[in-house]
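See below for the structure under consideration.
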């Protein structure tokens, strides 16, 4: 009998002491991979997909331009035609040259010529606007360009 | 026995630790945007007034013309084309012709791909055509050094590593010209022309 009792006494709970550790590991993973978004994007973004993607070499050298039609909230104010957004505000094409200058000023002296502009453009935008942006970038001598796209899933 | 009862629990109750960690985890899950820093890279030509005005005559046969109109319809070498994906093989055939077919390029160095759009062409169409044009070149480069096109694109973004750069330069056929400058004998000559103004704006 005594033998039986001793066996019954063993705890029936599943040990959960390792659970916080597991959760912490997940937490750290997300903390490390997280990039907190600095700008609110005010334009619709349905990014096109492509297969021949290349990675950006260094993120610190990249400045983003967003193009698309304003989000539904802002359509009453700005209309439905695609607009250019840089750092939180809509900008006309002729303001881009100044913007490139500002972005370039943020970089270190030896990296100023390596500024890369990433264009995040909505699928439905027209080439006319994109071309105007490209001409402005050529004028500002920011010639490294990247069209941000999504990896196409191949079947 | 009595001693055992006195020592009830000396440890701190840590069962809520998991809940706290969960809260933090969910916060980060919600705020995370997994950065997608990938895309089609392109080098724009210099400012128009910086380019020396030299009349360079390019033979008609060396130019491979792709035109997309404002209704996103393709015109390749004067013929309409339905499937964008067919461009890839046509470009490869054009560039790797080495003068065999009198209607195509003399050598990869002379070959030029001219890509013209309209102001009303959609960006989606532009990207899918550019994707095929660049893809064709990446496949040709990769074949020259015996890697897969995926590996080629991978090492193209790692040119700060010397051994990667060596393969990269070999693929593009880098050699010294008369002035001692390094030039590619297999350049990716994709010329993006000023759009026409039929549709849009």
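Looking only at residues in the range B:157-167 that are surrounded by 14 or more Cβ atoms within 10 Å (Cβ to Cβ) and out of contact with any helix residue (DSSP H, G or I) (no Cβ under 6 Å at 6 or more places or on another chain), which one is farthest from the other protein chains (Cβ to nearest Cβ)?
B:166
State whether one or more residues within the range A:87-107 are facing another protein chain (nearest Cβ under 9 Å) and in contact (Cβ under 8 Å) with a residue 40 or more places away in the chain.
Within the range A:87-107, the subset facing another protein chain (nearest Cβ under 9 Å) is none.
The answer is no; no qualifying residue exists.
Output the number of residues of the range A:108-118 satisfying the condition of being touching a residue at least 12 places away in the same chain (Cβ under 8 Å) and outside any helix (DSSP H, G or I). Explain how you work it out, then say what you get.
If we filter the range A:108-118 for residues that are touching a residue at least 12 places away in the same chain (Cβ under 8 Å), which is where we start, we get A:111, A:114-118.
From what's left, outside any helix (DSSP H, G or I): A:115-118.
Adding up the residues that qualify gives 4.
Being in contact (Cβ under 8 Å) with a residue 12 or more places away in the chain, touching a strand residue (DSSP E or B) at 6+ places or on another chain (Cβ under 9 Å) and away from chain A (no Cβ under 11 Å) is true for just one of B:131, B:189. Which residue is that? So that I can check it myself, show each step before the final result.
Values: B:131 fails: away from chain A (no Cβ under 11 Å).
Being in contact (Cβ under 8 Å) with a residue 12 or more places away in the chain, touching a strand residue (DSSP E or B) at 6+ places or on another chain (Cβ under 9 Å) and away from chain A (no Cβ under 11 Å) holds for just one of B:131, B:189, which is B:189.
Listed here are the residues, each with its yes/no results for (1) farther than 20 Å from residue B:32 by Cα; (2) within 12 Å of chain B (Cβ to nearest Cβ); (3) assigned to a loop (DSSP other than H, G, I, E, B); (4) at pLDDT below 85.
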site: A:38; (1), (2), (3), (4): no, yes, yes, yes
site: A:45; (1), (2), (3), (4): no, yes, yes, no
site: A:64; (1), (2), (3), (4): no, yes, no, no
site: A:74; (1), (2), (3), (4): yes, no, no, no
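Surrounded by 15 or more Cβ atoms within 10 Å (Cβ to Cβ), more than 9 Å from every other protein chain (Cβ to nearest Cβ) and out of contact with any helix residue (DSSP H, G or I) (no Cβ under 8 Å at 6 or more places or on another chain): is that true of residue A:68 in this structure? Quick ask: steps written out before the conclusion?
On the way: surrounded by 15 or more Cβ atoms within 10 Å (Cβ to Cβ): yes; more than 9 Å from every other protein chain (Cβ to nearest Cβ): yes; out of contact with any helix residue (DSSP H, G or I) (no Cβ under 8 Å at 6 or more places or on another chain): yes.
It is true that residue A:68 is surrounded by 15 or more Cβ atoms within 10 Å (Cβ to Cβ), more than 9 Å from every other protein chain (Cβ to nearest Cβ) and out of contact with any helix residue (DSSP H, G or I) (no Cβ under 8 Å at 6 or more places or on another chain).
When the residues of the range A:53-62 are filtered to those that are within 9 Å of chain B (Cβ to nearest Cβ) and either part of a strand (DSSP E or B) or in contact with a strand residue (DSSP E or B) (Cβ under 6 Å, 6 or more places away or on another chain) (or both), which remaining residue is surrounded by the fewest Cβ atoms within 10 Å (Cβ to Cβ)? So that I can check it myself, show each step before the final result.
Step one: of the range A:53-62, the residues within 9 Å of chain B (Cβ to nearest Cβ) are A:53-57, A:59, A:62.
Remaining after also requiring either part of a strand (DSSP E or B) or in contact with a strand residue (DSSP E or B) (Cβ under 6 Å, 6 or more places away or on another chain) (or both): A:53-56, A:62.
Working: A:53: 24, A:54: 17, A:55: 15, A:56: 19, A:62: 18.
Only one residue tops the list, namely A:55.
Suppose we filter B:173, B:146 for residues that are within 20 Å of the chain's Cα centre (by Cα), surrounded by 15 or more Cβ atoms within 10 Å (Cβ to Cβ) and on the phi > 0 side of the Ramachandran plot; which single one remains? Quick ask: steps written out before the conclusion?
Working: B:146 fails: surrounded by 15 or more Cβ atoms within 10 Å (Cβ to Cβ).
Of the residues listed, the single one that is within 20 Å of the chain's Cα centre (by Cα), surrounded by 15 or more Cβ atoms within 10 Å (Cβ to Cβ) and on the phi > 0 side of the Ramachandran plot is B:173.
Of all residues being in a strand (DSSP E or B) and more than 7 Å from chain B (Cβ to nearest Cβ) in the range A:119-149, which is nearest to residue A:45 (Cα to Cα)? Just the residue, please. Before the answer, list the steps.
At the first step, the residues of the range A:119-149 found to be in a strand (DSSP E or B) are A:119-121, A:126, A:144-148.
Now restrict to residues that are more than 7 Å from chain B (Cβ to nearest Cβ): A:119-120.
Working: A:119: 11, A:120: 8 Å.
Residue satisfying both the conditions and the ranking: A:120.
When residue B:114 is evaluated against the numbered criteria (1) within 13 Å of the chain's Cα centre (by Cα); (2) under 23 Å from residue B:94 (Cβ atoms), which criterion, by number, is the only one it fails?
Looking at each condition in turn, residue B:114 falls short on (1).
Out of all the residues in the range B:67-90, is one or more within 14 Å of another protein chain (Cβ to nearest Cβ), part of a helix (DSSP H, G or I) and either at pLDDT 85 or above or closer than 21 Å to residue A:49 by Cα (or both)?
Taking every residue of the range B:67-90 in turn, at least one turns out to be within 14 Å of another protein chain (Cβ to nearest Cβ), part of a helix (DSSP H, G or I) and either at pLDDT 85 or above or closer than 21 Å to residue A:49 by Cα (or both).
Based on this model, can you work out whether residue B:125 counts as part of a helix (DSSP H, G or I), more than 9 Å from chain A (Cβ to nearest Cβ) and more than 25 Å from residue B:106 (Cβ to Cβ)? Talk me through it step by step, then tell me what you get.
Values: part of a helix (DSSP H, G or I): yes; more than 9 Å from chain A (Cβ to nearest Cβ): no; more than 25 Å from residue B:106 (Cβ to Cβ): yes.
Criteria not met by residue B:125.
The values are calculated or read from the model by the stated rules, or taken from the named source; none is laboratory data. This one's a predicted model, so the numbers in the text were calculated from it and none came from an experiment. Positions of Cβ are generated from backbone atoms using ideal geometry, with glycine treated the same way; all protein chains shown enter the neighbour counts.
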